[in-house]
Amino acid sequence: MGLALFAAMPVFAQQKATINVHPGQGKEIISKHIYGQFAEHLGTCIYGGLWVGEDSKIPNTQGYRNDVLQALKDLKVPVLRWPGGCFADEYHWMDGIGPKENRPRMVNNNWGGTVEDNSFGTHEFLNLCELIGCEPYISGNVGSGSVEEMAKWVEYMTSEQGSPMAKLRKENGREKPWKVKFFGVGNESWGCGGSMRPEYYADLYRRYSTYCRNYDGNHLFKIASGASDYDYNWTEILMKNIGHRMAGISLHYYTVMGWSGSKGSATQFTDDDYYWTMGKCLEIEPVLKKHMAIMDKYDPKKQIGLMVDEWGTWWDEEPGTIRGHLYQQNTLRDAFVASLTLDVFHKYTDRIKMTNIAQIANVLQSMILTKDDKMVLTPTYHVFEMYKVHQDATYLPLELNCERKIVRDNRIVPMVSATASRDANGLIHVSLSNVDLQESQDIELNLGEVKARSVTGRILTADNIGDYNSFERPNVVAPKGFTGAKVNKGSLKVTLPAKSIVVLEVK
Ligand code: AHR
């Protein structure tokens with residue numbers, strides 16, 4: 001298929017694309033943890049977003065908002081990272097346990113200087129995970145915390161009995177330990193987590209992680225604080241100096257216009273900005289490949305997971321909101337960043353074992369926005385909800401031929417993105433995104449040896465790429481039934497409208 005210059009885009013017509021799925025070649029499982037979330041003490045992510053406290057007028061269960069709890073259950077959140085982010089390396093967990101009135105306050109230096117009252121701490125977080133049925137992923141403090149503090153936190157959360165920390169936990173009302181699998185040893189240790197050099201951090205990782213013990217049948221999956229996007233040297237040094245002492249190494253990649261100056265509005269953007277965003281988001285693939293090539297050198301059996309534990313869009317804060325709280329709206333453009341990025345993650349599911357979009361509520365590319373007692377689900381939420389059929393399903397390789405455009409910064413963007421999987425019941429799900437803003441796609445979708453008998457689907461689209469859900473109009477961008485796919489002699493013919501995301505279920 002052709003390579004069109006975006007600048008010279010001519011007449012609007014239907015484009016053609018072909019997709020060949022290979023069900024017989026499916027062998028890797030798409031870890032459900034790729035659909036992970038992230039909740040930091042930042043702005044109104046925790047306070048107001050997830051937690052309002054037992055005495056709030058907002059309907060709640062033990063202090064957690066009922067509307068948000070239900071939305072998160074519907075989303076099948078597999079894992080939730082907490083308490084940061086940058087906040088993690090200034091967080092002292094003992095300030096967040098015991099009677100709330102005795103908990104000390106602190107200033108959240110990273111995020112707007114907000115006063116943190118520590119009313120949401122270890123118990124509140126781990127109980128939330130139990131309520132929504134997800135695994136907790138704790139980020140430990142290496143930057144400003146001690147080895148002893150980290151070791152005691154693990155003991156407090158996971159040891160059954162007999163230990164001083166288990167006794168303290170019981171005094172604080174929790175008899176049984178929680179199950180905590182994922183444990184991060186620091187966050188962004190090259191930056192807000194301590195401004196370290198990789199060699200120094202590698203040694204600290206070895207030291208801190210030595211004392212993070214496995215208690216009473218709980219087995220920690222320890223994750224080293226990894227690189228930021230293009231910093232391949234960080235990955236190299238950690239792989240060399242830490243190696244198999246870590247079960248996972250993290251990576252952060254944001255779809256962002258740059259770290260200084262304006263990052264652009266979340267809602268006011270041109271078509272050119274939109275296509276640039278698609279190019280920047282897809283650049284995660286070559287970045288991942290370079291990090292994974294380094295990992296392959298030291299770990300050819302792929303025993304160490306790559307955990308992209310922060311990703312997503314980062315725009316200017318909404319006008320009128322508090323500086324440093326990273327509150328941004330979320331449009332259909334953000335939904336495309338979600339679908340395209342998840343499609344990429346699926347391809348490398350043999351190495352990528354977890355990812356955590358930043359963040360779950362009211363911060364950056366969130367799932368949920370709240371204002372007092374109101375809640376809206378963002379377009380990104382809807383992508384995660386539609387895509388949940390891929391969690392723990394078998395990844396099915398595919399080839400895709402479609403139009404491509406050269407966009408700003410000379411990146412090449414295919415106009416169609418696709419991914420396919422087969423679930424435990426044998427159902428095949430194919431997700432398709434038509435990135436093109438004007439033209440529909442006429443897609444021939446072949447399923448190899450599988451002969452399709454019937455197909456159903458759901459579609460996410462809107463009149464404009466900048467459309468979003470507000471508290472006044474919460475359903476502007478929401479999934480609807482899709483009838484544009486037809487079975488034709490065992491294959492499928494799909495007409496994918498411009499700027500639409502579709503998930504098909506094939507029997
Ligand atoms: O997600 C917001 C921030 O981005 C996190 O706190 C930090 O780890 C990253 O720089």
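The values are calculated or read from the model by the stated rules, or taken from the named source; none is laboratory data. Because the structure is predicted, anything quoted here is derived from the model rather than measured. Backbone-built Cβ (ideal geometry, glycine too); neighbour counts: all protein chains shown.
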Review point. Any chance the stretch 181-202 includes a residue that's crowded, with 23+ Cβ neighbours inside 10 Å, within 16 Å of the ligand (Cβ to nearest atom) and at positive phi?
Key: yes
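Report yes if residue 155 is closer than 21 Å to residue 187 by Cα, at pLDDT 95 or above and either among the hydroxyl-bearing types (Ser, Thr, Tyr) or touching a Ser or Thr at 6+ places or on another chain (Cβ under 9 Å) (or both), otherwise no.
On the way: closer than 21 Å to residue 187 by Cα: yes; at pLDDT 95 or above: yes; either among the hydroxyl-bearing types (Ser, Thr, Tyr) or touching a Ser or Thr at 6+ places or on another chain (Cβ under 9 Å) (or both): yes.
Answer is yes for this residue.
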**Study point:** Among the residues listed as 501, 465, the single one being hydrophobic (A, V, I, L, M, F, W, C) and either over 30 Å from residue 266 (Cβ atoms) or in a loop (DSSP other than H, G, I, E, B) (or both)
**Key:** 465
**Study point:** Residue among 33, 41 that alone is crowded, with 17+ Cβ neighbours inside 10 Å, modelled with pLDDT of 95 or more and part of a helix (DSSP H, G or I)
**Key:** 33
Practice item. Search the stretch 400-418 for residues that are touching a residue at least 60 places away in the same chain (Cβ under 8 Å) and outside any strand (DSSP E or B) and pair each with any residue that is buried (at least 22 other Cβ atoms within 10 Å of the Cβ) and of a type outside the set (Phe, Trp, Tyr) when their beta-carbon atoms are under 6 Å apart and the residues are at least 6 apart or on different chains. Key: 402/17; 402/415; 402/416; 403/15; 403/415; 415/435; 415/436
Check your understanding: What's the number of the condition residue 349 fails, among (1) within 29 Å of residue 468 (Cα to Cα); (2) touching a Phe, Trp or Tyr at 6+ places or on another chain (Cβ under 7 Å)?
Key -> (1)
Study note, to complete from the structure: So, first residue modelled with pLDDT of 95 or more and in a loop (DSSP other than H, G, I, E, B) in the stretch 350-370, second residue within 12 Å of the ligand (Cβ to nearest atom) and among the small types (Gly, Ala, Ser), Cβ within less than 6 Å, six or more apart or across chains; the pairs are 359/366; 360/39; 362/43; 363/43; 364/312; 364/358; 365/312
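Does residue 469 qualify as being at negative phi and surrounded by fewer than 21 Cβ atoms within 10 Å (Cβ to Cβ)? Talk me through it step by step, then tell me what you get.
Details: at negative phi: yes; surrounded by fewer than 21 Cβ atoms within 10 Å (Cβ to Cβ): no.
Against the criterion (at negative phi and surrounded by fewer than 21 Cβ atoms within 10 Å (Cβ to Cβ)), residue 469 does not qualify.
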Study note, to complete from the structure: In the stretch 255-271, anything within 15 Å of residue 281 (Cα to Cα) and at pLDDT below 95 is listed as 257, 258
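Restricting to the stretch 172-209, give me the number of residues that are assigned to a helix (DSSP H, G or I) and either free of Cβ contacts under 8 Å to residues at least 12 places away in the same chain or of a type in the set (Asp, Glu) (or both).
Looking only at that region, the number is 3.
If we keep just the residues of the stretch 81-130 that are within 22 Å of residue 148 (Cβ to Cβ) and of a type in the set (D, E, K, R), which is farthest from the ligand (Cβ to nearest atom)? Outline the logic, then answer.
First, pick out the residues of the stretch 81-130 that are within 22 Å of residue 148 (Cβ to Cβ): 82-84, 87-98, 102-104, 106, 118, 121-123, 125-126.
Cutting the leftovers down to of a type in the set (D, E, K, R) gives us 89-90, 95, 103.
Details: 89: 9, 90: 11, 95: 19, 103: 22 Å.
Filtering first and then ranking leaves 103.
Kindly provide the set of residues from the stretch 451-464 that are touching a residue at least 60 places away in the same chain (Cβ under 8 Å) and either surrounded by 21 or more Cβ atoms within 10 Å (Cβ to Cβ) or aromatic (Phe, Trp, Tyr) (or both), ordered by number. Before the answer, list the steps.
To start, the set of residues in the stretch 451-464 that are touching a residue at least 60 places away in the same chain (Cβ under 8 Å) comprises 458, 460-462, 464.
Within the stretch 451-464, 460, 461 meet the criteria.
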Review point. How many of the residues in the stretch 41-78 are of a type in the set (Lys, Arg) and either without any contact (Cβ under 8 Å) to a residue 60 or more places away in the chain or within 10 Å of residue 132 (Cβ to Cβ) (or both)?
Key: 2
Exercise for review: Kindly list, by first and then second residue, each pair from a residue in the stretch 217-235 that is more than 17 Å from residue 296 (Cβ to Cβ) and of a type in the set (Lys, Arg) to a residue that is at pLDDT 95 or above and not in a loop (DSSP other than H, G, I, E, B), limited to pairs with Cβ atoms under 9 Å and residues at least 6 apart or on different chains.
Suggested key: 222/182; 222/183; 222/184; 222/185; 222/205; 222/209; 222/245; 222/248
Exercise for review: Would you be able to say whether some residue in the stretch 50-68 is of a type outside the set (Asp, Glu), within 16 Å of the ligand (Cβ to nearest atom) and under 27 Å from residue 140 (Cα atoms)?
Suggested key: yes
Practice item. State the number of residues belonging to the stretch 330-376 that are among the acidic types (Asp, Glu) and either crowded, with 24+ Cβ neighbours inside 10 Å or within 16 Å of the ligand (Cβ to nearest atom) (or both). Key: 1
Point to revise | Residue list for the stretch 75-118, restricted to those being over 24 Å from the mean Cα position of the chain (by Cα) and at positive phi | key: 98, 113, 118
Practice item. Would you check if residue 322 is surrounded by 23 or more Cβ atoms within 10 Å (Cβ to Cβ) and either part of a loop (DSSP other than H, G, I, E, B) or touching a residue at least 12 places away in the same chain (Cβ under 8 Å) (or both)? Key: no
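Please go through the stretch 471-491 and give me each residue that is of a type in the set (Lys, Arg) and assigned to a strand (DSSP E or B), ordered by number.
To start, the set of residues in the stretch 471-491 that are of a type in the set (Lys, Arg) comprises 473, 480, 486, 489.
Those that are of a type in the set (Lys, Arg) and assigned to a strand (DSSP E or B): 480, 486.
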